[in-house]
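Notes follow once the structure below has been shown.
The values are calculated or read from the model by the stated rules, or taken from the named source; none is laboratory data. Because the structure is predicted, anything quoted here is derived from the model rather than measured. Here the Cβ positions follow ideal geometry from the backbone for every residue, glycine too, while neighbour counts run over all protein chains shown.
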Amino acid sequence: MTSKEEAMKAVSTLLKYIENDNNREGLIDTPKRVVESFEEIYAGYKMDASEVLSSTFNGEGYDGIVLLRDIEFHSTCEHHLQPFKGRAHVAYIPTERIVGISKLARIVELHARRLQNQERITNGVASDLEEHLNPLGSAVIIEAAHGCMQCRGVSKQNAVMTTSAMRGVFFDRSEARSELMQLIHSPPL
């Protein structure tokens, strides 16, 4: 594994590539700051879905849709190392056990805080819900704006990419999908 010092040297090399003089005041501590920020930005590699979703509660017979919508997230595109951000809508229909709502946001964070693509985040969250909660169905819809589209290449500022993963009854039954979409698009509080 690469040491923190090696990572700081790599950032210093990149700074020299970008700007010949990386000894000016504003850049002297930049390698250290960048590496320290990486520890937070990429914390998802140190998280485990089984730990995040391990604490469940008796569902007391509840068999409707559980939806946490508008979960804000930030991630980094693995192709260009550009940021992308958006919101995730995460739903499941419990069988016997429910999970605390903060856990739904944490499972999104687990996947977003890695070098990623949006499709992998979407599938990863849905798969973790299926594996650890054993619901009747799970659904994840993510809408995000990508820095690699906004600041380089085609430079499309308002483009929003949407991905979805529907599992179980959300895939098999159009009524469940329709109800989910109505809930997602209901007016905010």
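Please list, ordered by residue number, the strands (runs of 3 or more DSSP E) wholly in region 59-126 having 3 or more residues that are small (Gly, Ala, Ser) and in contact (Cβ under 8 Å) with a residue 12 or more places away in the chain.
Here the list reads 83-93.
Might you let me know whether region 42-55 holds any residue that is touching a Gly at 6+ places or on another chain (Cβ under 9 Å), modelled with pLDDT of 95 or more and either outside any helix (DSSP H, G or I) or within 15 Å of Val125 (Cα to Cα) (or both)?
Yes, because at least one residue in region 42-55 is touching a Gly at 6+ places or on another chain (Cβ under 9 Å), modelled with pLDDT of 95 or more and either outside any helix (DSSP H, G or I) or within 15 Å of Val125 (Cα to Cα) (or both).
Of all residues in region 145-184 being in contact with a Pro (Cβ under 9 Å, 6 or more places away or on another chain) and not in a helix (DSSP H, G or I), which is nearest to Leu81 (Cα to Cα)?
Filtering first and then ranking leaves His146.
Of the residues that make up region 79-91, is at least one among the polar types (S, T, N, Q), modelled with pLDDT of 95 or more and either at negative phi or surrounded by fewer than 19 Cβ atoms within 10 Å (Cβ to Cβ) (or both)?
No, region 79-91 has no match at all.
Just for region 150-183: of the residues that are among the aliphatic types (A, V, I, L, M) and more than 18 Å from the chain's Cα centre (by Cα), which one is surrounded by the fewest Cβ atoms within 10 Å (Cβ to Cβ)?
At the first step, the residues of region 150-183 found to be among the aliphatic types (A, V, I, L, M) are 154, 159-161, 165-166, 169, 176, 180-181, 183.
Among the residues that remain, those that are also more than 18 Å from the chain's Cα centre (by Cα) are: 154, 159, 169, 176, 180-181, 183.
Numbers: Val154: 8, Ala159: 12, Val169: 19, Ala176: 20, Leu180: 23, Met181: 13, Leu183: 14.
For region 150-183, the residue satisfying everything is Val154.
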